[in-house]
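Q: Before anything else, here's the structure in question.
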Amino acid sequence: MHKEDFRAQRQAQNELTLAQANLITKRFFNLDTAAYNEGVLDAKTKEMLGLVASMVLRCDDCIRYHLDQCQKHGVSDAEVQEVFSIALVVGGSIVIPHLRRANAYWYQETDNGERN
């Protein structure tokens, strides 16, 4: 899936979900957002941790989201490859298909040839 399509779909689905959500769901979404705020660990580190967990749990939507956040927080290509390595070691070979898709998403280029 192209990055812009994923981002637009995620936004629309979040809006629909939260419009229909009860208090428990809304609180969970708020907790999830707050967990990645700056704290003792910086937001960049937290996003890399979230990426490892998402890869090990094999959630492609979560992987894409955390890759977007990693990019936003300035994670380098070399850093993301180390994150991928940790996920592979922790999760084992079942992570390989998600690793492939994560690499394709991370290195996806825009129409003008720039990586976004």
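Q: In segment 51-71, what residues are more than 20 Å from GLN108 (Cα to Cα) and either surrounded by 21 or more Cβ atoms within 10 Å (Cβ to Cβ) or among the polar types (S, T, N, Q) (or both)?
A: Answer for segment 51-71, where residues must be more than 20 Å from GLN108 (Cα to Cα) and either surrounded by 21 or more Cβ atoms within 10 Å (Cβ to Cβ) or among the polar types (S, T, N, Q) (or both): there is none.
Q: Further question on the same structure: Of all the helices (runs of 4 or more DSSP H) wholly in segment 13-116, which have at least 2 residues that are over 21 Å from LYS3 (Cα atoms)?
A: Once the helices (runs of 4 or more DSSP H) in segment 13-116 are filtered for at least 2 residues that are over 21 Å from LYS3 (Cα atoms), what remains is 23-35, 43-57, 77-91.
Q: Go through (1) basic (Lys, Arg); (2) over 14 Å from the mean Cα position of the chain (by Cα); (3) more than 23 Å from ALA8 (Cα to Cα) for LYS46 and report which single condition fails.
A: Here LYS46 meets the rest and fails (2).
Q: Return the only residue of LYS3, LYS26, LYS44 being under 13 Å from TYR65 (Cβ atoms) and either surrounded by 12 or more Cβ atoms within 10 Å (Cβ to Cβ) or in contact with an Asp or Glu (Cβ under 7 Å, 6 or more places away or on another chain) (or both).
A: Result of the check over LYS3, LYS26, LYS44: LYS3.
Q: Of all residues in segment 72-82, which are in contact with an Asp or Glu (Cβ under 9 Å, 6 or more places away or on another chain) and either crowded, with 18+ Cβ neighbours inside 10 Å or polar (S, T, N, Q) (or both)? Lay out the reasoning, then the answer.
A: Keep residues of segment 72-82 that are in contact with an Asp or Glu (Cβ under 9 Å, 6 or more places away or on another chain), which gives 72-73, 75.
VAL75 - this is the single residue of segment 72-82 that is in contact with an Asp or Glu (Cβ under 9 Å, 6 or more places away or on another chain) and either crowded, with 18+ Cβ neighbours inside 10 Å or polar (S, T, N, Q) (or both).
Q: Evaluate segment 84-97: report whether one residue or more is surrounded by fewer than 11 Cβ atoms within 10 Å (Cβ to Cβ) and not hydrophobic (A, V, I, L, M, F, W, C).
A: Yes: segment 84-97 contains one or more residues that are surrounded by fewer than 11 Cβ atoms within 10 Å (Cβ to Cβ) and not hydrophobic (A, V, I, L, M, F, W, C).
Q: Which one is nearest to CYS62 (Cα to Cα), of the residues in segment 1-39 that are at pLDDT 95 or above and in contact with a Ser or Thr (Cβ under 9 Å, 6 or more places away or on another chain)?
A: The residue in question is PHE29.
Q: Looking at segment 84-97, I want the residues that are at pLDDT 95 or above and have a partner that is loosely packed, with under 12 Cβ neighbours inside 10 Å and part of a helix (DSSP H, G or I) with Cβ atoms under 8 Å, at least 6 apart or on another chain. Which pairs are those?
A: As it stands, the answer is LEU88/ILE96, since those pairs meet every condition given.
Q: Which of the residues that make up segment 1-60 are within 25 Å of LEU99 (Cβ to Cβ) and among the basic types (Lys, Arg)?
A: Result: LYS3, ARG7, ARG10, LYS44, LYS46, ARG58.
The values are calculated or read from the model by the stated rules, or taken from the named source; none is laboratory data. Since the model is a prediction, treat every value here as computed from it, not as a measurement. Neighbour counts run over all protein chains shown; Cβ positions are idealised from the backbone, glycine included.
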